[in-house]
Every structure is written in structure tokens, then in C-alpha cells.
1. Scan region 277-296 and give yes if some residue there is touching a Ser or Thr at 6+ places or on another chain (Cβ under 7 Å), of a type in the set (A, V, I, L, M, F, W, C) and touching a residue at least 60 places away in the same chain (Cβ under 8 Å), otherwise no.
2. Take the residues in region 114-146 that are buried (at least 18 other Cβ atoms within 10 Å of the Cβ) and hydroxyl-bearing (S, T, Y), then tell me which one is farthest from K174 (Cα to Cα).
3. Could you list, in sequence order, all residues of region 67-115 that are touching a strand residue (DSSP E or B) at 6+ places or on another chain (Cβ under 8 Å) and without any contact (Cβ under 8 Å) to a residue 12 or more places away in the chain?
4. Quick check on my filter: what residues within region 99-124 are more than 21 Å from A73 (Cβ to Cβ) and either of a type in the set (G, A, S) or outside the structural domain of M72 (by TED's automatic domain parsing) (or both)?
5. Are any residues in region 49-89 crowded, with 17+ Cβ neighbours inside 10 Å, at pLDDT below 95 and closer than 18 Å to C179 by Cβ, and if so, which ones?
6. Among the residues in region 75-92, are any assigned to a helix (DSSP H, G or I), in contact with a Pro (Cβ under 9 Å, 6 or more places away or on another chain) and among the charged types (D, E, K, R)?
7. Among the candidates I265, I308, single out the residue that is among the β-branched types (V, I, T) and modelled with pLDDT under 95.
8. What residue, of I205, I177, is surrounded by 11 or more Cβ atoms within 10 Å (Cβ to Cβ) and within 28 Å of S38 (Cα to Cα)?
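The values are calculated or read from the model by the stated rules, or taken from the named source; none is laboratory data. If you're wondering where the values come from, they're calculated on a predicted model, not measured in any experiment. Using ideal geometry, Cβ is built from the backbone for each residue, glycine included, and neighbour counts are taken over all protein chains shown.
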Amino acid sequence: MSKLSNVWVFSDVASRLPEVIAGGVQLGEKVSAFVIGSEDEIAKAYSLGATHVYYLGEKDTSKIVEDYAETMAHAISNGDTNTLMLLGATKRGKALAAKLGVQLKAGVINDASEVSVADGVTAKHMVYGGLAIGEEKIVSPIALITIGNGIFEAAEADNSKTGEAVSVSFIEPKSSIKCIERRAKQGESVDLGKAKRVIAIGSGIGKQENLQMVAELGAALGAELGCSRPIAETEKWMERERYIGVSGVMLKPELYLALGISGQIQHMVGALGSQTILAVNKDKNAPIFQYADYGIVGDLNKVVPALINAFKG
């Protein structure tokens, strides 16, 4: 497999760093990682396979990730002419990629499901609201691609791999969003994309009070809870970061248990990476059963308690 001489990587979420570095290792002869944080983060980047680390300093609560665009762009433009940068496909990662694209006059592809450098930099990603997969080639000298979970297999850390970081001076952005107030986030933070088992809740759950029995099932099964878009954005019964679908979280768990979810394609594209799909719905004609490996037609108020008893066994 042909490789680029160097691939840049960055993730604003620590749990995504192993995968973006793994992508860099697969696609590049060298891997240059941008790091914001402590010296431990520098050591972690090297242990995961980075060959060079560019240190942007300790985390500064007065800055947002996009504020580092000018700083990163300066470092990238001083390196190889033809290069690629991989970023985690988070909200901040996509915003940073967009700003870097302007700074570097570089093409940007978001939410890539596959990346290749065999014949130029190409990437596959969903188009038409998840109805199809499109393949695009970035023809600019510098390419920027954001990747979701499960695109590259993260390597185990090797603490024998070490190195010195290059300290990079911060370049003040020409414009920036200023933080004027901070409020505690409601609910627990979760990285649903990393979960091995996921229970997803749809409108068929009926009422908010029924979330308690689903939470009990999740505890019995050792599963994280997710939801369809209406549950998060219309009903607001669950946090936005638990919404699964084309504009939400993309999953690759061992088990995906769908409760009261109809199975519209905009939701299912977020779950099709699951190894096993089990669906429960009272409508035997629900589209979800076309995707399910196993299906139960029944009332959630009867099926869920039965599943809880079975798993508690």
C-alpha cells in the first residue's frame, strides 16, 4: 500500500486519539500529532504511534479548539507540500477542519467511512441523507478529513516509544468566539460510539416514565442508552449526544437493541455498523425488521420486563 510521506492528526476528544493516530500510521510514513494538554498527553501520542508531536500548550479554558487553526495551519504549511490531516468527526473537530480548510486552501471531507491514499487522497462518506455512499477525491495539495468511530483499528499503547515534542507558539486568531459564561452541562457525558452494547429508544417507548425500565435493562445488560432524533430533539428526554443517526452518533457495537424504533434510514445509518441488531416493536411491518438479525413483535411494557428478568437470571 502506498503511503504519504507525512500525515497530521488531531483529536479534541482524548478517547478518539488512538484511532486518528492509527489512521495516520496506516496512511503515512510519518505521523505528526498536534497535542493540547499535559506532558502525559505527549507521551500518550508517542506510545500510540506518532513519530512527531507538536505541542500547543496546556489546555486554556479561555480558548476553543478552533482558536488553534492559525497555529496549526502555520505548522502544516511549513511541512510537506502534499499532505493529509485526520481529525475526529466531533462538532469541534469539524469546525476546526472547516477553519483550517480556509486557512490552507484545502479540500475538506467530513464523516469519512473509508480513506485511501493509493491514487491521491480519496474518501467515502454518506450522501443524500444516508441513502447512498459517495466517493470523493481531494485535489488540493493539502487534504483535511474528519473520521468517525471504527474507521481505523486503534493500536495498543507501547510505552517504549518516546520522543521530544516541538513547542509551537500560539498565533492569535483574527477572529474568535469569546466565552462570556459557563454553565454546568445537564446529564452525564457519554461517548456512545465506544460502547460495545447499546439500547436505543424510539417514540414507541410511549412516555418518559418508561425510561426507568429501559435504564434497568441497560444496567442488567451492561449497555449504554441511546435514542432516535425525536426523543432527543423534540421530547428532550435524553441528551443530544445520545441521538443515533445520520446527523448524530455513528455506532459499531457488538449488540444494538432497538426499542420502539420504526427504522427510518436516517436513523439506521447510525446503527448499521452493529454486529448484531435486535429490534422490538409492536408493529410487525416496521422497517426496523428489515435490518434486524432478530426481531420481537410485542408490547414494550411486556417485553422489556421479560428481558430484564432473563438477563438478571
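1. Checking region 277-296: not a single residue is touching a Ser or Thr at 6+ places or on another chain (Cβ under 7 Å), of a type in the set (A, V, I, L, M, F, W, C) and touching a residue at least 60 places away in the same chain (Cβ under 8 Å).
2. Looking at residues that are buried (at least 18 other Cβ atoms within 10 Å of the Cβ) and hydroxyl-bearing (S, T, Y), I get T122.
3. A98
4. Passing the criteria: S113, S116, A118, G120.
5. Hits for region 49-89 are K63, I64.
6. No, region 75-92 has no match at all.
7. None of the other options fit; the residue is I265.
8. After applying the criteria, what remains is I177.
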